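Shown next, in structure tokens, is the structure this report addresses.
The values are calculated or read from the model by the stated rules, or taken from the named source; none is laboratory data. In this text the structure is predicted, and so the values were computed from the model without any measurement. Positions of Cβ are backbone-derived with ideal geometry, glycine not excepted, and every protein chain shown enters the neighbour counts. Please note that ligands, DNA and RNA were not included when accessible areas were found on the heavy atoms of the full protein model with its side chains. Shrake-Rupley method; radii C 1.70, N 1.55, O 1.52, S 1.80 Å.
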Amino acid sequence: MGIELLTGVLLFCILIFFALGAPVGLALGGIAMVIGYMTWGDGIYNVIPSTLEATYFSFILLAIPLYIYMGQLLTKSGIGDAMFNASQMLIGKVRGSLAISVIVVCSMIGAMVGIIGAGIMTSGSIALRPMLERGYDKRLALGVIMAGGGLGILIPPSIPMIMFAASTQNSVGRMFLGAMVPALLMICLLIAYVIISCRLNPKRAPLLEEQDDIAPVSAKQKFRTARDGFFAILLIVAVLGSIITGIATPTESGAIGVVGAILLAILFKRFKMEMFQAAGLQTAILVSVAMWIIFGASVFSNFHLLMGVQSMVAEFTGGLDLPPIMIIIMFQLIMLLLGFIIDEFIIVLMCAPLFTPIAVSLGYDPIWFGVLMIINILIAVQTPPYGFALFYLKGIAPPGVGMGDIYKSVTPFIMLNLVVLILCMIFPEIVLWLPNKVMG
């Protein structure tokens, strides 16, 4: 079977299995094993032990459960809520301040856990109902939670960025630094959109003093909120700073984050055994799901690579006689389409080892291409009708919020993300300036 026909059969099988609702990891691994047995015979079984060793014994991937555990501890202890309240208190009396707080806190939660679902579900459960109760426009409330929650994969320590670095043998620290300026640019654009849209249409976001039923906050409550929010931010700075300065590896910094989250919960008298057990159980569930997906996608990717798909793509792109930047744009479109049907982890594991060597051979920096991939995935998972982020938000939305409302809310925020993606493609220094400045 030729590699072109094999690729078509594999993609067709993926679409069928996903349409049937099969578990992602088992579907990908199972398809690779069945098709591999039909083409290779017993030789396909050699892929399993090599993939197991590379996947489950990777020091870099050990960071994934640590970062997820840190985020769960901060969320279950209520310190994540304190970050939301502290940012709301800091912003003050600005029209749309609650929406701005959601964007700020989602970015912080993203920095804690590095995945999309946690940012959307945590911020949505805290902020969506208060925004709707205070008269915020439904589309604005849904849109800012969706846009802010998606920042989890662009703000270090991002789990997909760790996976990209591991699968392409690149520096995690450079990936983290490369994503920071685009992330800040995206946050600023989101906040600017909220301020401008609320100023043009004040009905979208009433001021807090226009609400008669808002209970005053005592000085003691303000102090406690500011204290918890400050120390949570300090923990994030310590985690990222330890990686950037070279004091700790990404895995060791994840351990620092877990210990720091436990100490903060004890220090602020928020630590309870029920909370500790709930955080551990939720982490175990998320890590188990993630590792099965990683293993299945790795088996699929390794089989496809061994059959020569990289050579096929290289020959295809070379035969198109297109400028290098058009090849990069084509890769972006492919990943965008994949994001409509599969989640961020699988896209990274399938596309990173396939596209990155070709981008490097065209003369592009792998860190620049990796950050473009992450921004692209961020857009894809928010795009109707099948973006995963849409279903995360629907899961915690009040009964009166339908999928139609969610679809309508995301359009302006997707356009802002596209602006950042295009700017990073036109001006690579947006991505490369900071890692080159700090790490050389």
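Quick look at the numbers
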item	result
Region 45-65: number of residues that are at pLDDT below 85, under 23 Å from Gly308 (Cβ atoms) and surrounded by 16 or more Cβ atoms within 10 Å (Cβ to Cβ)	2
Selection status of Ile79, open to solvent by less than 10 Å² (accessible area, probe 1.4 Å), at pLDDT below 80 and under 19 Å from Val289 (Cβ atoms)	no
Residues that are in a helix (DSSP H, G or I) and open to solvent by 40 Å² or more (accessible area, probe 1.4 Å), drawn from region 10-32	Leu11, Phe12, Leu15, Ile16, Phe17, Phe18, Ala19, Leu26
Checking Thr317 against (1) in a helix (DSSP H, G or I); (2) modelled with pLDDT of 75 or more; (3) buried (at least 18 other Cβ atoms within 10 Å of the Cβ), the condition it does not meet	(2)
Failed criterion for Ala22 (all others in (1) more than 24 Å from the chain's Cα centre (by Cα); (2) free of Cβ contacts under 8 Å to residues at least 24 places away in the same chain hold)	(1)
Any hit, region 115-122, residues being hydroxyl-bearing (Ser, Thr, Tyr) and either surrounded by fewer than 24 Cβ atoms within 10 Å (Cβ to Cβ) or modelled with pLDDT of 70 or more (or both)	no
Residue that is at pLDDT 75 or above and either in contact with a Phe, Trp or Tyr (Cβ under 6 Å, 6 or more places away or on another chain) or not in a helix (DSSP H, G or I) (or both), where the choices are Ile266, Ile233, Ile247	Ile247
Flag for Ile155 being in contact with a Gly (Cβ under 7 Å, 6 or more places away or on another chain), buried (at least 24 other Cβ atoms within 10 Å of the Cβ) and either of a type in the set (S, T, N, Q) or modelled with pLDDT of 85 or more (or both)	no
When residues of region 359-383 are limited to those that are in contact (Cβ under 8 Å) with a residue 12 or more places away in the chain and open to solvent by 10 Å² or more (accessible area, probe 1.4 Å), the one nearest to the chain's Cα centre (by Cα)	Thr383
Residue match in region 356-372 (condition: in a loop (DSSP other than H, G, I, E, B) and charged (D, E, K, R))	yes
Residue selected from region 282-314 under the condition over 25 Å from the mean Cα position of the chain (by Cα), open to solvent by less than 60 Å² (accessible area, probe 1.4 Å) and not small (Gly, Ala, Ser), by the criterion modelled with the highest pLDDT	Phe303
Some residue of region 209-229 being assigned to a loop (DSSP other than H, G, I, E, B), open to solvent by less than 50 Å² (accessible area, probe 1.4 Å), at pLDDT 75 or above and out of contact with any helix residue (DSSP H, G or I) (no Cβ under 6 Å at 6 or more places or on another chain)	no
Yes/no for Gly96 being open to solvent by less than 10 Å² (accessible area, probe 1.4 Å), in contact with a Lys or Arg (Cβ under 8 Å, 6 or more places away or on another chain) and modelled with pLDDT under 85	yes
